[in-house]
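Nothing in this text is a laboratory measurement; each read-out follows from the coordinates by a stated rule. What you are looking at is a predicted structure, and each value in this text was computed from that prediction instead of being measured. No Cβ is skipped: glycine too gets one built from the backbone with ideal geometry, and neighbour counts run over all protein chains shown.
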Amino acid sequence: MEEEQGSHVPPLSSGKSSLQGLDIAHAFFKPLLQSAPPSSTKRHTKVSVIGAGNVGMAIAQTILTQDLTDELALVDAKPEKLRGEMLDLQHAAAFLPRTRILASVDYSVTTGSDLCIVTAGARQIPGESRLNLVQRNVALFSDIVPRLASHSPDSILLIVSNPVDVLTYVAWKLSGFPSNRVIGSGTNLDSSRFRFLIADHLDVNAQDVQAYIVGEHGDSSVALWSSISVGGVPVLSFLEKKEIAYEKEALERIHKAVIGSAYEVIRLKGYTSWAIGYSVASLARSLLRDQRRIHPVSVLAKGFYGMDAGEVFLSLPAQLGRGGVLAVTHVHLTDEEAERLRDSANAILEVQNQLHLGGGGGGGGV
Ligand SMILES: NC(=O)c1ccc[n+]([C@@H]2O[C@H](COP(=O)([O-])OP(=O)(O)OC[C@H]3O[C@@H](n4cnc5c(N)ncnc54)[C@H](O)[C@@H]3O)[C@@H](O)[C@H]2O)c1
């Protein structure tokens, strides 16, 4: 158990600066006359990242460079690696916005977080089935999620570990949190890859391309071709109106390239990190700063687009703000897109129904 390991490890970060019993801060600065303690309206933001691997550290460093939090807590099962990562980030203090960086194998370091981002995950053992890997990650989440929930009962949980849709459902069950406070990073990254490829194709800025991939973060994801627009112009209906021929296969090739993107990066460099770092930081900004931006993220999808078969989390364009998921947008789907989305839901449910969830609170067991 992390707490037991933590008790043998000295605290990784000391809070106060003191030298030979001298309180430097008080010696160095002189308070104003007739001043008062800090106002109760002062807001302090805290983010915790669980899992200090490639993905967790890319997220942590992007959040730091974008000045999204006052305090950042890192948790991992490996104390040495964790301390190394914490020190390495702390040593950049002269180049970064001021952020208190803490790290511990003990979950008490996450206490009072506004946002808990979970990237911890077991890696696939050669020859291991996908289901077995999922079951091992469920066991890992049974350890992590209840601790996070008890130290930060009002936080938003943002799940990144794969398979992200199933694990977001698992985190929801284990945390006992309302559904609007449990979110999976889902297809936010896939949609960015999609926008990049379309922008590249049309030689425009990806930020001017509105395009969503929804459904499962994975092979059964659904590209919403019917709602793509560039600079406010709906692409498919424009092409049809102008009678410009396009091949459906060309569109499918772009979607296939999106699905293959992660596999390609992993084949080439061993893991993915930078894009997921930026993707999750964009979600953190919308949540913590109440931006009310729309992101395709994994949410409780039951009841949307005829997905009534079970409690499934998958990505839909959702409005994010300080309360978590504020709403899901009424994006128009063609019959074919809606059908594919329901297939995606069924693929996730099939895995989910084979899982054994032990313990936890949540909205009931499976
Ligand atoms: N959702 C997405 O879009 C997306 C994108 C990229 C990666 N991922 C997923 O993110 C996860 C992490 O990937 P990575 O490349 O960083 O892997 P990694 O192996 O580099 O890091 C995982 C970290 O988790 C830690 N860990 C393991 N068990 C733990 C526990 N019980 N408590 C705390 N920490 C624990 C490990 O020590 C390790 O540092 C994977 O599941 C990966 O598939 C998701």
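A simple packing score, the average count of other Cβ atoms within 10 Å per residue, orders the peptides 250-260, 141-151 as 141-151, 250-260, with the highest score first. With both labels modelled 7 Å from their Cα along Cα-to-Cβ, the Phe95 to Val331 distance reads 3.6 nm. Distance from the alpha carbon centroid of the stretch 38-72 to that of the stretch 280-339 works out to 23 angstrom.
The magnitude of the dipole of the stretch 44-184, with charges of +1 and -1 set on the Cβ of Lys/Arg and Asp/Glu and taken from the Cα centre, is near 240 debye.
Across the stretch 188-352, Cα pairs under 8 Å and at least six residues apart give a relative contact order of 24 percent.
Taken over the chain, the percentage of Cα pairs per 20 Å bin, counting from 0 up to the bin with the maximum distance, is 28, 54, 16, 2. Can you give the angle from 0 to 90° between the axis of helix 79-90 and the longest principal axis of the chain, with both taken from C-alpha atoms, to the nearest 10? That works out to roughly 90 degrees. Taking the Cα centre of the stretch 188-352 as origin and assigning +1 to Lys and Arg Cβ atoms and -1 to Asp and Glu Cβ atoms, the resulting dipole is close to 780 debye.
Summarising the strand pairing of the chain, around 50 percent of its internal DSSP beta bridges are antiparallel.
Against the chain, whose longest principal axis comes from its Cα atoms, helix 274-288 is set at around 70 degrees. Dipole orientation for the chain: of the candidates Ala92, His217, Asn346, Ala92 has the Cα lying most toward the positive pole (charges on Cβ; Lys, Arg +1; Asp, Glu -1). For the stretch 125-201, the gyration tensor built on C-alpha atoms gives an oblate shape. Its axis ratio a/c (a ≥ b ≥ c) is at least 1.5, and a/b is not larger than b/c.
Using a ≥ b ≥ c from the Cα gyration tensor of the stretch 228-279 (square roots of the eigenvalues), is it rounded, prolate or oblate, where a/c under 1.5 gives rounded and otherwise the larger of a/b and b/c decides, a/b for prolate? It is oblate, given that a/c is not under 1.5 and a/b is not larger than b/c. Near Ala73, the amide H atoms lying under 5 Å from its own belong to Val47, Ser48, Val49, Leu102; only residues 5 or more places off or on other chains count, and H is placed 1.01 Å from N. Please say if the stretch 188-352 is rounded, prolate or oblate, where rounded means a/c under 1.5 for a ≥ b ≥ c the square roots of the C-alpha gyration tensor eigenvalues, and otherwise the choice is prolate for a/b larger than b/c and oblate otherwise? Rounded, because the longest to shortest axis ratio a/c is under 1.5. The relative contact order of the chain, computed from alpha carbon pairs under 8 Å that lie at least 6 residues apart in sequence, is 17 percent.
About the centre of its Cα atoms, the chain shows a dipole size close to 1020 debye [charges on the beta carbon of Lys, Arg (+1) and Asp, Glu (-1) only; nearest 20 debye].
The angle separating the long axis of helix 164-175 from the principal Cα axis of greatest extent in the chain is about 50 degrees. Per-residue packing, averaged as other Cβ atoms within 10 Å, sorts the ranges 346-352, 297-303, 158-164 into the order 158-164, 297-303, 346-352, beginning with the highest.
Between the amide H of Leu326 and those of Gln319, Leu320, Gly321, distances stay under 5 Å, these residues lying 5 or more places away or on another chain, with hydrogens modeled in the peptide plane.
Pairs of lysines in the chain whose Cα atoms sit within less than 26 Å of one another amount to 14, provided the residues are eight or more positions apart or on different chains. Highest mean packing comes first when the peptides 316-329, 62-75, 23-36, 117-130 are listed by Cβ atoms within 10 Å, giving 62-75, 316-329, 117-130, 23-36. Where only DSSP H runs of four or more residues are counted, the chain gives -13000 deg cm²/dmol as its mean residue ellipticity at 222 nm, each run worth -39500 (n - 2.57).
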